[in-house]
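The structure appears below as structure tokens.
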Amino acid sequence: MDEVQRALPPRWLLKAFTKLNVLVYRASQGRLMHQMKGRPICLVDMIGRRSGKRVTIPLMYLPDGDEVYLVASQGGSAQHPVWYYNLIESRAVTLQVQGRKRVMRVETVSTEARPRVWDRCVECYPDYALYQARTERKIPVFVFSSP
């Protein structure tokens, strides 16, 4: 089977792993489960747009000075991840990198900046190019910055 066509893991498995990742990351202050495929993981706390409750997800991130980039790839799924819609609605999140938490403003990377930022994201994590090849949607990139 072609790598582009390879199926994504079942949703229930992804949800279970996400919960485990958050628990272990928090309990260890990010000393455990802080990487995926050799890339750094952060925890993002946001408000669910439908539930109004706090939602925490572990995501790969790309630090860039005081800013942080996150890619809403969901492994190249045809749909945006649920957290994408939460970020669009909330605009402010708490980001935890290991033991350090900070409140950050979140925006979608501008159309003008996207090619440069996307290339940098792919350079740091080449699978993003594979994920983009799996889907017709343009994978969104978010920039997190100090409020």
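The values are calculated or read from the model by the stated rules, or taken from the named source; none is laboratory data. Since the model is a prediction, treat every value here as computed from it, not as a measurement. Cβ sites come from the backbone with ideal geometry, for glycine too, and all protein chains shown count toward neighbours. Please note that ligands, DNA and RNA were not included when accessible areas were found on the heavy atoms of the full protein model with its side chains. Shrake-Rupley method; radii C 1.70, N 1.55, O 1.52, S 1.80 Å.
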- Residues of the stretch 40-55 being open to solvent by 30 Å² or more (accessible area, probe 1.4 Å) and touching a residue at least 12 places away in the same chain (Cβ under 8 Å), in sequence order, are Pro40, Ile47, Arg49, Val55
- Query: Could we say that Tyr85 is among the hydroxyl-bearing types (Ser, Thr, Tyr) and either touching a Ser or Thr at 6+ places or on another chain (Cβ under 6 Å) or in contact (Cβ under 8 Å) with a residue 40 or more places away in the chain (or both) here?
  - Reply: no
- Single residue of the stretch 58-101 satisfying the filter (touching an Asp or Glu at 6+ places or on another chain (Cβ under 9 Å) and modelled with pLDDT under 90) that is most open to solvent (accessible area, probe 1.4 Å): Arg91
- Message: Would you confirm, using the coordinates I've provided, whether Arg100 is over 12 Å from the mean Cα position of the chain (by Cα), closer than 21 Å to Asn21 by Cβ and without any contact (Cβ under 8 Å) to a residue 12 or more places away in the chain?
- Response: yes
- Message: Looking at the stretch 33-57 only, could you name the residues that are at pLDDT 85 or above and hydrophobic (A, V, I, L, M, F, W, C)?
- Response: Ile41, Cys42, Leu43, Val44, Met46, Ile47, Val55, Ile57
- Regarding Val117, is this residue under 20 Å from Val55 (Cα atoms) and under 16 Å from the mean Cα position of the chain (by Cα)? no
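Condition check ((1) of a type in the set (Lys, Arg); (2) in contact with a strand residue (DSSP E or B) (Cβ under 9 Å, 6 or more places away or on another chain); (3) under 24 Å from Pro10 (Cα atoms)) across all residues:
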{"position": "Ile47", "(1), (2), (3)": "no, yes, no"}
{"position": "Trp83", "(1), (2), (3)": "no, yes, yes"}
{"position": "Val93", "(1), (2), (3)": "no, yes, no"}
{"position": "Lys101", "(1), (2), (3)": "yes, yes, no"}
{"position": "Thr111", "(1), (2), (3)": "no, no, no"}
{"position": "Asp127", "(1), (2), (3)": "no, no, yes"}
{"position": "Arg134", "(1), (2), (3)": "yes, no, yes"}
{"position": "Arg137", "(1), (2), (3)": "yes, no, yes"}
{"position": "Ser145", "(1), (2), (3)": "no, yes, no"}
- Filter the stretch 21-39 for residues that are without any contact (Cβ under 8 Å) to a residue 12 or more places away in the chain and over 22 Å from Val122 (Cα atoms); the one that is most open to solvent (accessible area, probe 1.4 Å) is Leu23
